[in-house]
1. Could you order A:Lys293, A:Lys222, B:Lys411 so the one with the most accessible surface comes first? Probe is 1.4 Å.
2. Among A:Ile202, A:Ser355, A:Met390, which residue has its Cα positioned farthest towards the positive end of the charge dipole of chain A, with +1 placed on the Cβ of Lys and Arg, -1 on the Cβ of Asp and Glu, and the dipole taken about the Cα centre?
3. When all protein chains stay in place, what accessible area (Å², nearest 10, 1.4 Å probe) is found for B:Asp353?
4. List the aspartates and glutamates whose alpha-carbon lies under 16 Å from that of B:Lys105, not counting same-chain residues fewer than 8 positions away?
5. In the protein assembly as shown, what % of DSSP beta bridges are antiparallel (nearest 5)?
6. Which of the trypsin sites (Lys or Arg not before Pro) across region A:1-99 are loop residues per DSSP, with 12 or fewer other Cβ within 10 Å?
7. Write down Rg/Rh for region B:49-147, rounded to two decimals, with Rg from the C-alpha atoms and Rh from the Kirkwood relation over Cα pairs.
8. Restricting to region B:228-352, what percent of DSSP beta bridges are antiparallel, rounded to 5?
Amino acid sequence: MKSQQDIAQLKPFQARAVIEHLRKGSVPIEYVPFFTVGRTQWLTLIEDDLENYIGQGGSKVRFINGDYGDGKTHFMSVIQHLALEKKFAVSFVVLTREVPIHKFEVVYQQIVQQLRSSEEQSGLRPLVTQWLNSLEESLTDKPDAVIALTESLRNLPGMNLNFANALSGMLEHRFMAKNLEHPEENESRQEILFQWLEGQKISKKDLQPFQIFESLSKTNSKHLLRSLIAFLKYLGYQGLILLLDELETIIAQGTAVRNSAYENIRLLIDNTEQTEFMHIFFSIIPDVLSSEKGFKSYDALWSRVRSVGEGKKLNYRGVLVDLHRTPLETREFVDLGLCLRQIHEIAYRWDAQNSIQNPLIEKLCETQNKMGLLSEIRLFIKSIISYLDMAEQGNVPDAQSDVIDHITSNQREMEQEKLEQLQPKWDS
Amino acid sequence: MNFQSQINQESSFHLRQAMERLREGIFDPVAVRLLTAHEDRLQAAVNVGLQQVSSGKSAQLFVRGSYGQGKSHSLAYIQDYAQRQGYVTSMINLDPRELPLHQFKLVYGALMENLKFPDRNDTVFEKRWKQWVEQQFAGKSITAESVKSLIPENIPHLFRCVLTGLAMNTVALTSKQKTTKKHMAYRPREFSPQLARVFRGETISYSRLQRALKYRQVDFYREQSLVCRGFEPYWQMLQGLSELFRKMGYGGWVILFDEGESMAQANISMRNRNYQLLQQIWFSEQPAHILSVFAFTDDFFHKVESEDYDRQLLRQQGEEPLETPYFEQNYAQAWRSLNQFHLQALTAREWDDLAEKLTMMHTRAYDWSAPDQLQELLRERLKKSVGEETRYRLKGLVDQLDLEQQALMLKNVTSKANRS
């Protein structure tokens with residue numbers, strides 16, 4: 001995985017993308033390793049899990065707990081990079097009202113859409129296309145070999161017959177039944193299969209020729225996910241890492257929906273016996289654990305998730321990855337500030353070291369600490385970037401400048417942005 | 001065999017998997033094998049049921065306990081034990097949304113999907129059945145009628161046809177015949193999976209089913225309707241299958257239902273339906289070789305006790321409103337004498353033993369050496385959680401072991417980083 005030491009490799013347009021994202025308060029997922037500091041204990045144990053447990057056939061569900069601005073999304077992005085580096089496929093899905101966890105079939109569609117098998121590749125289509133291309137030499141004009149491969153796909157452990165038939169359909173249409181007179185027919189058949197794999201609704205009539213008997217539904221979505229993992233394993237990946245962000249949206253839902261969602265999560269935890277090579281991370285805010293509408297309201301889930309720690313020591317292997325209880329240390333904040341300064345320099349091709357000097361970064365950190373806001377990483381990032389922006393535009397803050405004012409105005413802006421996000425979007 | 005030797009027979013991965021699952025509070029087959037307490041009591045209760053099953057009677061066992069007390073763990077133990085005794089097993093989780101009891105066709109499908117055989121290899125039932133039929137006729141030619149004679153009478157017609165079709169070979173056609181209009185629908189590769197789907201409770205179109213049966217030489221399929229609806233035919237199929245398993249050399253069939261309390265979470269009409277079905281399942285007079293095991297929390301029985309059995313449902317019958325009772329009978333009374341197995345809390349001594357066993361498993365799973373004072377720390381941890389549910393206390397022990405192990409691991413990582 002890339003690290004802070006590799007910042008110099010960033011191209012100006014990449015560095016600029018990082019800064020633009022951070023200025024808006026979002027996470028530039030592709031570039032997070034360049035400015036990741038702290039939380040190494042969590043990451044060490046997660047890395048150990050990936051290598052020695054998930055990659056060996058294990059399955060696990062964990063919850064990343066942190067308040068707004070604690071860096072949950074950032075942390076998940078780091079896991080994404082770590083997993084890709086370890087040859088896992090990853091899918092990063094943001095849960096919303098439209099993609100709710102109680103409708104796992106909808107979540108499945110998103111999982112497939114957001115599937116990443118490398119830093120560059122996203123979605124299931126390129127993965128399947130790459131696989132078909134790789135077979136060009138060994139399967140063209142060799143129907144027996146196609147049939148043999150089809151059979152071995154069907155026999156993969158955990159593979160659903162429909163899923164296997166969709167892949168076999170791809171193989172047969174690519175290597176056996178090409179309609180040379182009507183190439184567009186081949187394309188439309190392939191499109192049907194792609195759409196089916198992506199969980200879209202296809203008529204039974206269109207699926208019949210491929211011996212696919214059912215479309216994605218509530219009852220088969222988890223089977224299809226298992227089949228996807230079986231396929232990924234067959235392709236040589238270590239497994240699948242699911243990063244499901246913003247589970248807290250559940251709390252605002254009605255009781256019935258909430259209970260179905262909690263039941264679904266419980267099933268995901270309990271069905272780890274049937275599922276292999278998969279790690280699911282949900283991000284949550286502390287309210288999900290503490291409020292009456294949270295996990296507590298559903299005994300069967302609460303008894304699995306509730307913390308058994310005694311308060312002082314953190315179990316880094318525990319079900320909860322409690323970022324809220326492991327805020328960055330002052331030294332780590334300063335490191336983060338230095339990283340951002342270097343990225344800003346590359347983005348706008350200027351020398352920031354003389355304008356934003358180390359003592360100012362340290363002072364910013366100390367002040368935020370005194371104000372009781374040290375855990376708010378997003379606020380710190382915003383404050384640093386606005387200092388850097390001002391300095392780059394010729395308005396260099398001096399070491400005596402009023403840091404409290406600066407932090408407060410940034411905090412106000414963030415509150416305003418949060419409010420704006422909550423406004424209904426009439427034209428969307 | 002002592003515990004250390006038992007552990008040595010397990011791979012590090014499986015021990016780690018057991019630890020990971022215990023940490024999440026869910027049962028694990030390895031942990032079930034190595035860590036079941038009150039084994040003798042549980043075995044005795046299961047043996048009573050199995051004896052009844054051997055004599056051709058259905059039997060039931062009700063595992064009752066609160067959340068986190070080890071119901072799923074006990075069910076997994078019973079499943080493992082029954083398999084070791086030569087029984088076929090199926091374990092499912094009842095779920096009011098995805099697997100409600102009143103949709104018995106789905107329950108049947110789930111039971112079929114989760115069939116496990118005593119030899120623990122992955123061969124599916126369909127293959128075993130075909131092999132067994134071939135063995136019965138030892139090289140002689142097999143006809144549909146002869147296969148039919150092996151199938152218990154009480155298996156519904158649809159499934160008798162399907163079972164026969166699964167055991168028969170597809171009619172061989174000449175290349176010329178294959179090109180004729182009459183045999184346009186001849187797709188031999190499809191027949192086996194289609195029959196297997198029907199066997200597992202799925203629905204396929206009548207024409208496809210008819211085609212598969214025709215080419216599999218099941219001549220008698222037209223004799224009765226192939227329709228199966230409602231609870232009865234699927235329950236009969238379960239009973240018939242248990243008899244068939246017995247014929248095939250297994251002890252019978254143990255079906256296990258976890259999360260039984262979910263049946264009481266549905267609305268009143270669904271509850272009424274669920275109670276009716278349970279009554280039929282538990283008090284069936286039909287001969288069968290089924291032991292059904294249900295796990296319930298106390299909530300289920302409290303609900304059954306607190307139902308208003310005098311409640312009337314007002315229906316319009318012609319011009320007159322007609323009052324009928326909501327519930328067919330007072331189930332609280334009817335089920336008072338059920339054979340319940342109450343899970344009991346472990347004694348302090350049993351907890352100490354468990355802590356020691358867990359330590360041995362954890363150190364093997366994560367490849368570390370436990371410090372001398374660890375057992376004392378675990379004992380202290382147990383003292384602090386007296387009165388808590390079993391699952392929570394067990395999680396506490398795993399947590400303590402994790403803390404000790406990770407402290408060592410992170411120390412090593414830091415010193416390595418410092419050196420480099």
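The values are calculated or read from the model by the stated rules, or taken from the named source; none is laboratory data. Just so you know, these numbers come straight off a predicted model, no measurement behind them. Because the Cβ atoms are built from the backbone with ideal geometry, glycine has one as well, and the counts that use them run over all protein chains shown. Areas reflect the complete protein model, heavy atoms only, side chains present, ligands, DNA and RNA absent. Shrake-Rupley method; radii C 1.70, N 1.55, O 1.52, S 1.80 Å.
1. Details: A:Lys293 105, A:Lys222 40, B:Lys411 140 Å².
Greatest to least solvent exposure: B:Lys411, A:Lys293, A:Lys222.
2. Checked the options; the winner is A:Ile202.
3. In the full protein context, B:Asp353 sits at about 80 Å².
4. B:Asp95, B:Glu113, B:Glu202, B:Glu232
5. Details: 12 of 53 bridges.
Once the DSSP bridges in the protein assembly as shown are tallied, antiparallel ones form about 25 percent.
6. On the way: sites: A:Lys2, A:Arg16, A:Arg23, A:Lys24, A:Arg39, A:Lys60, A:Arg62, A:Lys72, A:Lys86, A:Lys87, A:Arg97; in loops: A:Lys2, A:Arg39, A:Lys86, A:Lys87, A:Arg97.
Hits after loop and neighbour filter: A:Arg97.
7. Details: Rg = 17.2 Å, Rh = 16.3 Å.
Here the Rg-to-Rh quotient is 1.05.
8. Working: 6 of 11 bridges.
Once the DSSP bridges in region B:228-352 are tallied, antiparallel ones form about 55 percent.
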